[in-house]
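Only one structure is covered here, and it is reproduced in the block below.
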Amino acid sequence: MSRVSIDTHGACVDFPIFDASTRSLKKSVLGRAGGAIGQTDSNVVTIEALRDITVSFREGDRVGLVGHNGAGKSTLLRLLSGIYEPTRGTAQVRGRVAPVFDLGVGMDPEISGYENIIIRGLFLGMTRKQMNDRMDDIAEFTELGDYLAMPLRTYSTGMRVRLAMGVVTSIDPEILLLDEGIGAVDAEFMKKARIRLQNLVARSGILVFASHSNEFLAQLCNTAMWIDRGEIRQTGEIDQIVGAYEGPEAARHVRTVMAEMRREQQQITEGDRGDA
């Protein structure tokens, strides 16, 4: 039996809007991105954020979620993390979950970067000793130097992202739920971050990654799922799903990125053989 697993069957997540029984609310919400609008038996307006979600993930699965803003990707991640309970249906998760929904969650602007590394690591399920053991590696990756001894409020947005990325990519998750929040850093640093993200994914039992970046999806995932208005519209290979969602040009770009990755891996393998 797999050490880690995710199984949902007919899972739904509804949000009741108890003070919103008027037509004006329905009119303002209806038609926007997001789940469908319904009513309970008590005539309470509800937002059906997820409907009839049935998935089965096992160790080694790296699943990318695609869909427009408000389609239900983040809600699905929160269902899988246990933050949301299914209103109907079931959701069962076996394994330690590391939810990474916001790079800034769990960080305190009034304490130092070093202290935030510990706090953020604890938030993600690591121990204080594990984070202390990783401190030098995180410090080297972030390139923040003496700033790590200063309060987080003195950091720029890009510096905060560097610190958060350093912590997130140092953990050892069994199930990694990643909601893309990467930006405000220079291209050279993102190249380093990509390598660390790939190593993080390799250490994970299961990855579920919500992203608008086809490049990251191609680099980190082996399958994809299209979420639309709270429902699973299509699942399959990454290029197939991205093509169905965005069109043939996006699918070609995904295939190009995947081919480049295969060439890079082949070069690394051949280099290792040469060293041996």
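The values are calculated or read from the model by the stated rules, or taken from the named source; none is laboratory data. Since we're looking at a predicted model, the values are computed, not measured. Positions of Cβ are backbone-derived with ideal geometry, glycine not excepted, and every protein chain shown enters the neighbour counts.
Here are a few things to note about the model shown:
- Qualifying residue in the range 82-94 (condition: outside the structural domain of M150 (by TED's automatic domain parsing), under 30 Å from L152 (Cβ atoms) and not β-branched (V, I, T)): yes
- For H212: the one exception among (1) within 21 Å of D102 (Cβ to Cβ); (2) assigned by TED's automatic domain parsing to the domain that holds G64; (3) assigned to a helix (DSSP H, G or I): (3)
- Test: A202 is surrounded by fewer than 16 Cβ atoms within 10 Å (Cβ to Cβ), closer than 20 Å to P99 by Cα, aliphatic (A, V, I, L, M) and without any contact (Cβ under 8 Å) to a residue 60 or more places away in the chain: yes
- Residue in the range 145-155 that is outside any helix (DSSP H, G or I), of a type in the set (D, E, K, R) and either touching a residue at least 40 places away in the same chain (Cβ under 8 Å) or within 19 Å of D179 (Cα to Cα) (or both) present: no
- Test: residue in the range 123-143 that is assigned to a helix (DSSP H, G or I), under 30 Å from A71 (Cβ atoms) and free of Cβ contacts under 8 Å to residues at least 24 places away in the same chain: yes
- Among the candidates I171, I241, the residue that is in a helix (DSSP H, G or I) and in contact with a strand residue (DSSP E or B) (Cβ under 8 Å, 6 or more places away or on another chain) is uniquely I241.
- Residue within the range 65-83 that is outside any loop (DSSP other than H, G, I, E, B) and touching a helix residue (DSSP H, G or I) at 6+ places or on another chain (Cβ under 7 Å) present: yes
- Of all the numbered requirements in (1) more than 20 Å from V97 (Cβ to Cβ); (2) not assigned by TED's automatic domain parsing to the domain that holds H68, M126 misses one, and that requirement is (1).
- Single condition F57 does not satisfy, out of (1) under 15 Å from I227 (Cβ atoms); (2) modelled with pLDDT under 95: (2)
- Of the residues A259, A250, the single one that is aliphatic (A, V, I, L, M), outside the structural domain of D102 (by TED's automatic domain parsing), at pLDDT 85 or above and more than 27 Å from A71 (Cα to Cα) is A259.
- If the condition is being among the aromatic types (F, W, Y) and crowded, with 18+ Cβ neighbours inside 10 Å, then the range 76-109 contributes only Y84.
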